Structure formats: structure tokens, C-alpha cells
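Visitor: Quick one: structure below, then a few questions.
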Amino acid sequence: MVVGVLVVFDPLGSVRPGALPDVPLDTGYREGSTSSQLFYTAHSVASRVWESRLRLLCCCVPQDDNHRAAFSSIAQLVSGFFLDTDLVPSDIAAGLSLLHQEQDKVERCRDPEEVVSQSPSPPIDLELELEKATHYMQFAAAAYGWPLYVYSNPLTGICKLCGDCCRSHHVEHDLVGGEHLGCHFSSILQSTGLQYRDFIHISFHNQIYEIPFFVALDHKREAVLVAVRGTLSLKDVLTDLSAECEDLCVEGVSGTCYAHKGISQAAHYIYKRLVTDGILSQAFSVAPEYELLICGHSLGAGAAALLAVLLRSTHPTLQCYAFSPPGGLMSKALADYSKQFVVSVVLGKDLVPRLSIPNMEDLKRRLLKMVSNCSKPKYKILMHGCWYELFGGAPDDFPTELESRREEMLQQPLLGEESLLVRRSSTYQSLCSDESPPRPTHLPLFLPGRILYITEDGPTRRHCFSQVRYRAEWSSEASFRNVLISPRMIADHMPDVVLRALRSLTHEHPSSRSCVCSR
């Protein structure tokens, strides 16, 4: 909690004298009045404060040009997001609790017949896709190396790796490539069931915009398989947070092509390694009749999808399976283009596939409106919220934004009219009415490919040891435009949980599996 407060505390709350520099009032500032000048100056100061904090948090990371550019970009993004809010942590907790209960009320009132049976075009065998996804998810999870293997096998994992590590060091030189392997290679062998001779290249080199991956021959599916690792280090987090848009030149795509900057840079890094270093040529010289398959989870899923877009022109038969990919990944034109060869798998209320800058701006606006539109004391909201999260029950009947109560109170911004920052804030200006949503300040980004959505079948709350049943359906990107508040929003993103859900679906009898198409 102390670390959290130090990180997110208002950077402008204790500015030292002289920290706000005098900005000359040129023609643009005269037209925008003094409030425009102060807003710009506050934004600049906040960006410098956030950049200093990032440098402090990443003090153990080598400070090269890429890191300095990433720190500056992330600081601009974060400072702009938090600049026009004045909420303490308890306000945010109360708003999240209210929003979670409101979303549960809406979900319970939804008519089950709202789900319309509509096969994607062209028709796709859902059962076959689930079997493929289950198979390739093993490789996407194996790319995390020994940490995930030990986490998934707490009783036997360490013993197996200790014995295998000593025996496997002498075979590493037989690989075409092998960087920073350690015990990762042994865990990959254990997780995938492949032999060491099936691996073409394994790299656990990790820097900002440079993420680990491995290339292997999957004889069961007759594929040259490229598996990309997800977020597992502070450098990966910096890659995730570099969320600006970057142009992506792709032949044969009509429309504007752009993508998440950090993930696009990571995909280009792997592309250069595969093509320039001859890794793919080596793989196809061993198995020329095999097809190319790319997979990954989380950050690795986003990089895998963009890598598939880059390699599509030279490998027209390639396929990509992206497990729990980031929601803010690629433009609409690229997302539509990727539906030909990318399948995204999303589980439950996973936060990451719903995570994009526009979605976070919408969440911030909803939280502000929830807090301003509720007349109950904060301690009651928090107490009931804790009880609801732990033991369930009926959602509280507090006044909410969807009930349009106390609209006259929403005419005044939370910070008061005297605040110069509020006058420049589109977030507060949009509180008075939902009919005129704020103008988007960031380009929209979408999930890649066709979306296979897996949800729990049955009641949302059950006993700890009760068996969970799942249902699978084809969905659309429209279902992931809002962040869903839930205790499962982080757990549903974990690779072992996704793999367990897929195995549960494929091990069940086909007649007992619910397969519903897009809503």
C-alpha cells in the first residue's frame, strides 16, 4: 500500500516553489487564456515527475536510448490520464465496487435469448478450433520457462528441473541458437513433450521491445512453431506501457494501418531474428512440407499476431493463435485483415483483452460519475462492497449512473468551478450527460482476428472445490469495449488458468459443451 501511494500520489500536490516555470504568453496562450497556460504547464510538470518515478522504479535497468524514450512516452501517457482527476484511493475503491455491482445487475437482467446463432464467415468448426487452441496453448505457456512451470507444479516442479538441468546443459550447443537458457530449456521440454532435437532456436534474451521466443518443430501438427513469451519482467512491462500508436506498413490491406508501439517494436525484433538470422530458413530446410504456426500469450499474443501480419505475405498459409491478447493492439483495418489467419482466445472477464486507452478513459469517466451520483456514505459503500466481493449476495441498490438520478448535481464538476484544470477537462465536462460523450483523444485499437470467447457455464459464484464448467462461443470486438470489474479479472488472464479451461472444454463430451456464436 505504501509503494502504491508513493507511485500514484498526485504529482502536483506538493510542488516546490519554482517547479512551475514561467511560460511565455505567446499568441496561442493569449487565445487560450491563463487556464490554458496553467494546464499545459501542469501537464509538463506532471510528465517530468512521472518520468523521474519511472527512472527510480527501473534503477536496476540499464538506461539506454530505448529506455529513455520509453520513459518519456509512458510519462506523457500516464500524466495525461491522471491529470484531470482528484480522487483519493478510497474514492476509486468505492467507484469500482459500485461499478462491479452495477455490471452484475445488468448481466442478471439480460435475457438469455439475446444470444443470436450466427456462424462466422466463412463457417468455422468450433470444436476443431478448440482442440487446436488447447494444443498450442501448451507451447504459449511453455515459453514462460521455469517460473510458470514451478508455479503450475509446486510439489514436483523443482525436483524435476533440478535433475534435468544438470543433464541438459551438454546438449544446448546442438541448438542453432540458445541464449540465456538456464533451466528454461528443461521446463520447455517438460511442458511440451518435445525432444531437444526438435528445437531450432531458443532465445531468452530480454530487453525493452525485445522479448523471448523459441522455434520448434511440432511433428504432431506438422508445423514450424514460433512461440512468443508474455510479460514476465519489468522490461516487458515497459514494452506493454509504450501504448502510443505506430504506423505499420502492410501490403494488401486497405485502410489505415497502425498498432501498439511497444508490441509492434517487439514483433519487428522477432521478425528480424527469424528472417535476417535465417532461423525460419533453417527450420523449413529441415521440414519443408510443414506450415508456419505462431502462438503466444498476453504480450506474446500481441507480438505473435503482429508478427503473423508481417510474415503473411511470404507465408500465405500461416496460422496464429493469440491467447488473452491486449485489447489495444491494432487498427480496425488490420484487425479485419487478420481474421483470415488469427484466432484470439479470451477467457471470462480477463482485463487485458479489454485494456486500451479509450477503454480506460471510459472507465475513468464511469468511476467519476458513479462516485458523484451516489448519496450513500463512503464507508457503507466499502463495507458492503467487501462483503459482496467475499460472500456474494444481491448487488446494493445505490443510485447509479444508469438510473439517471440527481442529474442536477452532475452539472457541477467534482473539483469545483474555480479549478482551472477542470475547465480544460473533457472528462468532467462529459459528466452531465451521456448523450454527448467526450471526443476521443486516442486512436481506437482492436483485438486481432476472430475471437473465441470462453465463459463459465452456470452460476458465477460456487464453492471452492466445485467443478467449473465452461462454454465457448464466437464473439466480436464489440463485446470487449468496456472493462468488466470482477475478482476474476486478473485470475482469468493467467496462462495456467486459460490452459485448464481449454482442456476442460476439449476433454468434455461434445454434446455437453455449449457452443454459441457471436452476440
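Visitor: Which peptide among 322-330, 306-314, 192-200 comes first, and what is the full order, when sorted by highest mean count of other Cβ atoms within 10 Å? Each step should come with its number before you reach the end.
Guide: Working: 322-330: 29.4, 306-314: 21.8, 192-200: 17.0.
Packing order, densest peptide first, comes out as 322-330, 306-314, 192-200.
Visitor: Which entries of LYS105/LYS261; LYS105/LYS380; LYS132/LYS339 have Cα-Cα distances beyond 27 Å here?
Guide: Details: LYS105/LYS261 37 Å; LYS105/LYS380 19 Å; LYS132/LYS339 16 Å.
Beyond 27 Å: LYS105/LYS261.
Visitor: Sorted by average packing, counted as other Cβ atoms within 10 angstrom per residue and highest first, what order do 209-216, 357-364 take?
Guide: Ranked from most to least packed, the peptides come out as 209-216, 357-364.
Visitor: Same structure again: Long-range amide H contacts for TYR209: which residues qualify at under 5 Å (H placed 1.01 Å from N, peptide plane, sequence gap of 5 or more or a different chain)?
Guide: THR239
Visitor: Grab the eigenvalues of the alpha-carbon gyration tensor for region 276-356, scale each by 5, take roots, and send me the semi-axes largest first in whole angstrom. Don't jump to the answer; show the numbers that get you there.
Guide: Numbers: eigenvalues 130, 34, 23 Å².
Working from the Cα gyration tensor, I get semi-axes of 26, 13, 11 Å.
Visitor: Taking the Cβ of ARG55 as the centre, find all other residues whose Cβ is under 11 Å away and add up their charges (Lys, Arg: +1; Asp, Glu: -1).
Guide: Details: positive: ARG48, ARG53, ARG68; negative: GLU51.
Taking every Cβ under 11 Å from that of ARG55, the sum is +2.
Visitor: Multiplying the sequence separation of ARG500 and ASP247 by 0.36 nm and subtracting their Cα-Cα distance, what value in nm do you get?
Guide: Details: separation 253, 0.36 × 253 = 91.08 nm, distance 3.65 nm.
In short, 87.4 nm is gained.
Visitor: Working out 0.36 nm times the residue gap between GLU131 and ALA287, then minus their Cα-Cα distance, what length gain in nm do you get to one decimal?
Guide: On the way: separation 156, 0.36 × 156 = 56.16 nm, distance 2.32 nm.
Answer, rounded to one decimal: 53.8 nm.
Visitor: When ligands, DNA and RNA are left out and all protein chains stay put, how many square angstrom of accessible area per residue does region 197-273 have with a 1.4 Å probe?
Guide: Numbers: 2870 Å² over 77 residues.
Dividing the accessible area of region 197-273 by its residue count gives 37 Å².
Visitor: While we're on this one: Kindly identify region 240-280 as rounded, prolate or oblate by the Cα gyration tensor criterion: order the square roots of the eigenvalues as a ≥ b ≥ c, call it rounded if a/c is under 1.5, otherwise compare a/b with b/c, prolate if a/b is larger, else oblate. All intermediate terms of the calculation are to be shown ahead of the outcome.
Guide: Details: a/c = 4.28, a/b = 1.30, b/c = 3.28.
Oblate.
Visitor: Give, in whole angstrom and from largest to smallest, the semi-axes √(5λ) of the equivalent ellipsoid of region 182-237, with λ running over the eigenvalues of the Cα gyration tensor.
Guide: Working: eigenvalues 101, 30, 16 Å².
They are 22, 12, 9 Å, listed largest first.
Visitor: Going by average Cβ neighbours within 10 Å, how do the peptides 496-504, 285-293 rank, with the highest at the top?
Guide: Numbers: 496-504: 19.7, 285-293: 15.1.
In decreasing order of mean packing, 496-504, 285-293 become 496-504, 285-293.
Visitor: Express in nm, to one decimal, how much length is gained between ASP277 and GLN340 on full extension, taking 0.36 nm for each residue of separation and deducting their alpha carbon distance.
Guide: Details: separation 63, 0.36 × 63 = 22.68 nm, distance 2.77 nm.
Full-extension gain reported as 19.9 nm.
Visitor: Could you estimate the translational diffusion coefficient of region 236-328 from the Stokes-Einstein equation, with Rh from the Kirkwood formula over C-alpha pairs, at 10 °C and 1.306 mPa s, in whole µm²/s? Spell out each step's value before the answer.
Guide: Details: Rh = 13.8 Å.
Answer, rounded: 115 µm²/s.
Visitor: Right, something else. Below 13 angstrom from the Cβ of TYR144, what's the summed charge of the other residues (Lys, Arg +1; Asp, Glu -1)?
Guide: -1
Visitor: Karplus couplings for region 336-351 from phi (6.51 cos²θ - 1.76 cosθ + 1.60, θ = phi - 60°), rounded to Hz, Gly and Pro as x?
Guide: Running phi through 6.51 cos²θ - 1.76 cosθ + 1.60 with θ = phi - 60° gives 5, 5, 6, 5, 6, 9, 10, 10, 9, 10, 10, 10, x, 9, 3, 6 Hz.
Visitor: With the dipole of region 258-389 worked out from charges on the C-beta (+1 for Lys and Arg, -1 for Asp and Glu) around the Cα centre, which of ILE270, LEU368, TYR258 lies farthest toward the positive end?
Guide: Among ILE270, LEU368, TYR258, the one farthest towards the positive end of the dipole of region 258-389 is LEU368.
Visitor: Testing the spin-label approximation: label points 7 Å from Cα along Cα→Cβ at PHE81 and ARG481. State their distance in nm.
Guide: In this crude spin-label approximation the distance works out to 2.1 nm.
The values are calculated or read from the model by the stated rules, or taken from the named source; none is laboratory data. What you are looking at is a predicted structure, and each value in this text was computed from that prediction instead of being measured. Neighbour counts run over all protein chains shown; Cβ positions are idealised from the backbone, glycine included. Protein only, heavy atoms only, side chains kept; ligands, DNA and RNA dropped before computing areas. Shrake-Rupley method; radii C 1.70, N 1.55, O 1.52, S 1.80 Å.
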